[in-house]
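**Student:** Provided herewith is a single structure, encoded as structure tokens, for subsequent inquiry.
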Amino acid sequence: MEIIKNKVNRELPKYIEGYGEVKPYKGPFSVQPQGKKYAVNKGFYKPGTQKLVNNLKEAIENCNLKDGMTISFHHHLRNGDYVLNMVLDEINKLGIKNINLVASSLTKAHEPIIKHIKSGVITGINTSGLRGTIAKEISKNNILGKPVIFRTHGGRARAIEAGEIKIDIAFVAAPTCDNLGNMNGYEGKSAFGSMGYPMVDVKFADKVVAITDNLVPFPLKNISISMTDIDYIVEVEEIGNPEQIATGATRITKNPQELLIAEKASEVLIASGVIKNGFSFQAGSGGSSLAVCRFLKEYMKKNEIKGSFASGGATGYLVEFLEEGYFEALFDTQSFDTSVIESLGKNSNHIEMSASMYANPHNKACIAHQLDIMILSATEIDIDFNINSLTGSTGMIMGAQGGAPDTAAGSKLTVVVAPSMRKRIPIVTDKVTTVVTPGETVDVLVTERGICVNPRRKDIQEILNSSGIKTKKIKELKEEIEQLTGKPESTQYLDEIVGIVEYRDGTVIDIIKQVKE
Amino acid sequence: MGKITKQPKRSRRTMLFSPANNPKMLTMAHLYGSDCVIFDLEDAIKYSEKDAARDLFAEALKTIDYGETEIFARINPLYTEFGEKDVRVLVPAGLRNMRLAMTDTPEQIKELDILLTEVEKEHGIKVGSCKIQASLETPTAIKNAYEIAKASDRVVTMSFGAEDFTRTLGAERTKEGKEIFVARSMVVMAAAMAGIDAIDTVWAHLADIEGFKEEVKSSINMGFSGKSCIHPSQIKIIHNIFTPTEEEIAKSLVIVKAAEEADIENGGVIQVNGKMIDIPVISKAQKVVRLAKASGVIK
């Protein structure tokens, strides 16, 4: 087996069974896209055609689903999702096998797929993240028998548009849908907000099935995905459990450690001079990331600063920012909180965007590349500033790439906020278990024990020095943490590759091996 | 006179309480920026966990670099079975500041002083290195405040504990604090007479931030050097209120500089901007400069 090394020093086989030839990661903007985007077959609609079918079975049969085909889903219903499981149960009943599953992410709600993997209904998985029992079964027992392909949110959109993923049937959960297939995600009893992920799928899938629990007569007035891309509509009792779809009101953490980290991060941002009129900003939904918003707001209020836009993964706090006039616009690819869902339908400055508009690097522009500031969290960060957000230090898959590599590459200033240790496990390591976001796109690490600047960013280091903000070398911080935690033993792996981590441009940044018991 | 114009001592604006049996807090408490941390071996620790907490804290003292944060332990009273052991284990591990809970009489300080001297000698530690914070929490203690403060040179600060004080007085503790005003004043006065720091009681209503700010302002006005706190969120609020204004700092810097140049400690008299400046004014100016340095406004 021929081994190659990529730019983050990871050794990769040149060819991986079940994946194909490996293109090694060479840098954040090293791939120059060539050729045309993928195009789907033309559609045909004669006046009077009925798209509404009696049930899911009929829709699947009408789409002519066969063994070996690729089907796609989106995870906006999060832990409350009923759709993915109901479709796979139906496919199982139809005796169809060898399905390639392309999901924007997989959550705890999707654990029933384990039985479909074991029975051979599902033989391929593409996702941004895996958690819980599915992740454990893949990491420890390699139940899929071939690698899961992990892609970033932007990378997934890119791969679909490039034709690297050819979706035969896209299944779209529609909280509100009319009888021709116009739909939105923010009306109806199972509302989830932005339809950012299926917006891409429906444009590049050969067939599209909308599944709704709120069928309304044509014409729906607020349209996120249009009837021009929809083949069939299925009405069901419930597409999800509203209690598990979105959280209630966002509350800023009261955890003093998270607040301390957020306060330090805010000091870095303020000293860096990036918080000025017209700046743009994105923060994750984690405790410290979200708490940064609180400190920023105080500073913006005091200094009468108004930003250009915020984006995300939108949280209620970002909606408050928008409503109180701190930003001109909020771009939203997935809506985390109930207040975000409500805002999307009524505030014209709250803009629904596709995952492609958000972060596809092979577009003529994307929102991630317009960011001034990105606040990220991490499960590990190494002395080269590489970030892991996908696996734990035990080697187990337990997270997601999400949009981290996309926004880190695009943003002018990327700040990682993380505790220096979790339980007794140090977060700063010599080498992260899995490289998800390359260190060359990460600028500053903020922990409760100190701030470290990537040596690549001498400009930021100088600014922080002159502002009197103390920093440490990341190796010093690592040693300081290890004084308290000791150095953990390294995890033992088998040879089998259970995951391939694609960078957003389709190159491979790392692989995940099966954990040895 | 000399004592007033000595080099500025370290600032004790905030004393954060933290249980001594929580490994996370042992590694974290000093990171929140308080001037002092008090690891509690007394009320916060169950009887069954006293030994384990003491051992854990001793290991933390040997291992963790607490940087510039002044570390205290609230040790158990010496009349309990745990107090003496706290001293015998923690001083060799590196503890140099201990808060003696429920100090009612100067004899209790003297008893601790004798024990500390013995332990220091036993372990080759310079005699007098270990300092004491006397915690005054009863009417008897308040009555004896000055004698307690003067009972030993080791006493560097004196704190007031309102909860036990009101309990032993038979009063309800209110947010307004009329019932503790006299006691607080007596602690401040005794500390001032002895030339040591007075530290005010905790504010337990975490959600009432405005009430807390008012109490901190009253602490400063009364002459307290700092305030005990029970949550990291209180630290910055206290520090902000303790930070002098730019005008105060500028004025004080001129006075302190003039005093230094005039060698005031040896009896000089100075004039600043046409005004005669006396010792109390210099002392206040030194305090302002010390607080400004502690808050990072000046270096």
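**Student:** Looking at the protein assembly as shown, send over the antiparallel percent of its DSSP beta bridges, to the nearest 5. It would help to have the intermediate numbers written out before the result.
**Tutor:** On the way: 29 of 115 bridges.
Of all bridge pairs located within the protein assembly as shown, approximately 25 percent are antiparallel.
**Student:** Now for a separate question. If you roll a 1.4 Å probe over the heavy atoms of the protein chains, what accessible area per residue do you get for chain A, in Å²? Walk me through the numbers on the way to the answer.
**Tutor:** On the way: 20880 Å² over 517 residues.
That works out to 40 Å² for each residue.
**Student:** For chain A, rounded, prolate or oblate, judged on the Cα gyration tensor with a ≥ b ≥ c (square roots of eigenvalues), a/c < 1.5 rounded, else prolate if a/b > b/c? Can you show the working numbers first?
**Tutor:** Numbers: a/c = 1.90, a/b = 1.30, b/c = 1.45.
Oblate.
**Student:** Tell me, what is the percent relative contact order of the range A:31-147, built from C-alpha pairs under 8 Å that lie six or more residues apart? Write down the numbers at each step before the final one.
**Tutor:** Details: 137 pairs, mean separation 25.3, N = 117.
It rounds to 22 percent for the range A:31-147.
**Student:** List the residues of the range B:15-43 for which accessible area in the full set of protein chains is at least 20 Å² lower than for the chain on its own; 1.4 Å probe, protein heavy atoms only.
**Tutor:** Buried by the other chains: B:LYS24, B:THR27, B:MET28, B:LEU31, B:TYR32.
**Student:** Any idea what the relative contact order of chain A is, in percent, if you count C-alpha pairs under 8 Å spaced at least 6 apart?
**Tutor:** On the way: 1247 pairs, mean separation 83.6, N = 517.
Across chain A, relative contact order equals 16 percent.
**Student:** Counting only heavy atoms of protein chains, what accessible area per residue, in Å², does chain B have with a probe of 1.4 Å?
**Tutor:** Details: 14210 Å² over 299 residues.
Ligands and nucleic acids excluded, the result is 48 Å² per residue.
**Student:** If ligands, DNA and RNA are left out, what is the accessible area of A:LEU180 with a 1.4 Å probe, given in Å² to the nearest 10?
**Tutor:** 30
**Student:** Between B:LEU206 and B:LYS275, what length in nm is gained on full extension when 0.36 nm per residue of separation is reduced by their alpha carbon distance? Provide the component values of the computation, followed by the final result.
**Tutor:** Working: separation 69, 0.36 × 69 = 24.84 nm, distance 4.47 nm.
In short, 20.4 nm is gained.
**Student:** Once neighbouring chains are kept in place and the probe is 1.4 Å, which whole percent of the accessible area of chain A is contributed by carbon and sulfur?
**Tutor:** On the way: 10020 of 20880 Å².
Whole-percent figure for carbon plus sulfur exposure: 48.
**Student:** Quick check: at a probe of 1.4 Å, how many percent of the accessible area of the range B:201-299 sits on carbon and sulfur atoms? Each step should come with its number before you reach the end.
**Tutor:** Details: 2930 of 5480 Å².
That share works out to 54 percent.
**Student:** Taking chain A as the reference, fit the longest principal axis to its C-alpha atoms, fit the long axis of helix A:287-302 to the helix C-alpha atoms, and give the angle between the two in degrees, 0 to 90, nearest 10.
**Tutor:** Roughly 70 degrees between the two axes.
**Student:** Between B:LEU26, B:LEU41, B:LEU169, which gets the highest mean-square fluctuation from a Gaussian network model of chain B, Cα cutoff 10 Å?
**Tutor:** Between B:LEU26, B:LEU41, B:LEU169, it is B:LEU169 that shows the largest mean-square fluctuation.
**Student:** Let me ask something else. Picking from B:ILE180, B:ILE64, B:ILE249, which is most flexible by a Gaussian network model of chain B using Cα springs under 10 Å?
**Tutor:** Evaluated over chain B, the most mobile residue of the options is B:ILE64.
**Student:** Further question: Given A:LYS115/A:LYS189; A:LYS306/A:LYS475; A:LYS264/B:LYS284; B:LYS85/B:LYS126, which pairs have Cα atoms separated by over 26 Å?
**Tutor:** Details: A:LYS115/A:LYS189 30 Å; A:LYS306/A:LYS475 37 Å; A:LYS264/B:LYS284 32 Å; B:LYS85/B:LYS126 20 Å.
Table pairs above 26 Å Cα-Cα are A:LYS115/A:LYS189; A:LYS306/A:LYS475; A:LYS264/B:LYS284.
**Student:** Roughly how much accessible area, to the nearest 100 Å², goes out of reach of solvent when B and A pair up, both sides summed, probe 1.4 Å? Write out the running numbers ahead of the final one.
**Tutor:** Numbers: alone 14630 and 21320 Å², together 35080 Å².
In total, chains B and A hide about 900 Å² from solvent.
**Student:** Now a separate question. Does the range A:87-173 come out rounded, prolate or oblate by the C-alpha gyration tensor, with a ≥ b ≥ c the root eigenvalues, rounded set by a/c under 1.5 and, if not, prolate when a/b is larger than b/c and oblate if not?
**Tutor:** Working: a/c = 1.66, a/b = 1.19, b/c = 1.40.
The shape class here is oblate.
**Student:** Using a Gaussian network for chain B with springs between C-alpha atoms less than 10 Å apart, which of these wobbles most: B:LYS257, B:LYS227, B:LYS50?
**Tutor:** B:LYS257
The values are calculated or read from the model by the stated rules, or taken from the named source; none is laboratory data. No experiment lies behind these values; they were computed from the predicted model shown. Side chains included, ligands, DNA and RNA excluded: accessible areas come from the protein's heavy atoms. Shrake-Rupley method; radii C 1.70, N 1.55, O 1.52, S 1.80 Å.
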